[in-house]
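Colleague: Provided herewith is a single structure, encoded as structure tokens, for subsequent inquiry.
Quick note: the coordinates plus some simple rules give every number you see, no bench work behind them. Given the structure is predicted, the values throughout are model-derived calculations rather than measurements. Here the Cβ is made from the backbone with ideal geometry for all residues, glycine too, and neighbour counts use every protein chain on show.
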Amino acid sequence: MQVIGLTGGIASGKSTILETLKKMGAVVISADEVAHAATQPGKPAWEDIVRFFGTGILNDDKTINRKKLGEIVFNNRQYLQKLNEITHPRVKEMFKNSLKEIKEKNPDAVVVLEIPLLYEAGLEKICDEVWVVWVNRENQIRRLMAREGIDREEAVKRIEAQLPLDEKARRADFVIDNNKNVQEAIADITKYFNERVRK
């Protein structure tokens, strides 16, 4: 089994890349989906988050309102660090369990772990390779503003809450330039996947 960690910055455009990898036969596991499962009502992570941040972050059905929580943590680095301390160990454990199950069923699988905070959470250690989806800062700001309907100041604040994208690219085994035409990025991934991963 081969494990690829796919990361990038917020609004760097990972979704198209993931769809391409799925079509080529990779098993994709999304950190957002794992984190969502880990923070369902009654789960230990949910209890710790509510204990720290209060019930004001909950929806009527007791699920966490991610927008409200995001507004809190993106405006306070200490709160963001606390949230990461609560969620990262649980998410890491769930990833490890998923990888173990996949390996038992299909030892030859290529697994892509899509993790925005891969380096911040130290999850590169469970990957054989790390791929980074890279865009320049201006494109990232512009895309985030358009996607979330936020102003430039808020977009910059959210981007700066993560490890700089240039630093992620510097550490990567493979950098996917997503400033280019989407078809060019897909062609780069397909070539690399067929030559290096399926070798």
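Colleague: Could you pull the Cα extents of the range 2-197 along its three principal axes, largest to smallest, in whole Å?
Modeller: 50, 43, 27
Colleague: In this model, which of K67/K125; K68/K168; K22/K62; K22/K100; K67/K96 are farther than 26 Å apart at the alpha-carbon?
Modeller: Check vs 26 Å cut-off fails for K67/K125; K68/K168; K22/K62; K67/K96.
Colleague: Kindly express, to the nearest 10 degrees and within the range 0 to 90, the angle between helix 77-105's C-alpha long axis and the longest C-alpha principal axis of the chain.
Modeller: 40 degrees
Colleague: When N counts the residues of the range 1-106, how does its alpha-carbon radius of gyration compare numerically with 2.2 N^0.38 Å, as a ratio?
Modeller: Numbers: Rg = 15.8 Å, N = 106, 2.2 N^0.38 = 12.9 Å.
Taking N as the residue count of the range 1-106, the ratio is 1.22.
Colleague: While we're here: Which of E120, E184 has the fewest other C-beta atoms within 10 Å, and how do the rest follow up to the most?
Modeller: Values: E120 17, E184 12.
Lowest count first: E184, E120.
Colleague: Using alpha carbon centroids, what distance separates the range 164-192 and the range 40-70, in Å?
Modeller: So the separation of the two Cα centres works out to 35 Å.
Colleague: How much FRET efficiency would the formula 1/(1 + (r/R0)^6) give for E154 and A37, where r is the Cβ-Cβ distance and R0 is 45 Å, rounded to 0.05? Before the final figure, lay out the partial values.
Modeller: On the way: r = 28 Å, r/R0 = 0.62.
In this case the efficiency is close to 0.95.
Colleague: Out of all DSSP beta bridges with both ends in the chain, state the antiparallel percent to the nearest 5.
Modeller: On the way: 1 of 19 bridges.
DSSP beta bridges in the chain are roughly 5 percent antiparallel.
Colleague: Can you tell me the orientation of helix 137-148 relative to the chain, as the angle in degrees between its alpha-carbon axis and the longest Cα principal axis, to the nearest 10?
Modeller: 60 degrees
Colleague: Follow-up question, since we're still on this one. Under 5 Å between amide H atoms, partner at least 5 residues away or on a different chain: which partners does V112 have, H built in plane at 1.01 Å?
Modeller: I4, V27, V28, I29
Colleague: Here is a further query. Give me the dipole magnitude in Debye, nearest 20, for the chain about the Cα centre, with unit charges on the beta carbon: positive for Lys and Arg, negative for Asp and Glu.
Modeller: With Lys and Arg at +1 and Asp and Glu at -1, about 100 debye.
Colleague: In degrees from 0 to 90, rounded to the nearest 10, what is the angle of the helix 182-192 Cα long axis to the longest principal axis of the chain?
Modeller: Its long axis makes an angle of about 60 degrees.
Colleague: Another question, if that's okay. Which of D61, D48 comes first, and how do the rest follow, when ranked by fewest Cβ neighbours within 10 Å?
Modeller: Details: D61 6, D48 17.
So the ranking, lowest neighbour count to highest, is D61, D48.
Colleague: Could you work out the helix-only [θ] at 222 nm for the chain, with each DSSP H run of four or more residues adding -39,500 (n - 2.57) and the total divided by the number of residues, to the nearest 500 deg cm²/dmol?
Modeller: Value at 222 nm, helices only, nearest 500: -16000 deg cm²/dmol.
Colleague: Separate question: Go through the range 29-34 residue by residue and turn each phi into a ³J(HN,Hα) via Karplus (6.51, -1.76, 1.60, θ = phi - 60°); whole Hz please, and just put x for glycine and proline.
Modeller: So the J values, rounded to whole Hz, are 10, 9, 4, 4, 5, 5.
Colleague: Which order do V197, V156, V133 fall in if you start with the one that has the fewest other Cβ atoms within 10 Å?
Modeller: Numbers: V197 19, V156 16, V133 27.
Neighbour counts put them in this order, fewest first: V156, V197, V133.
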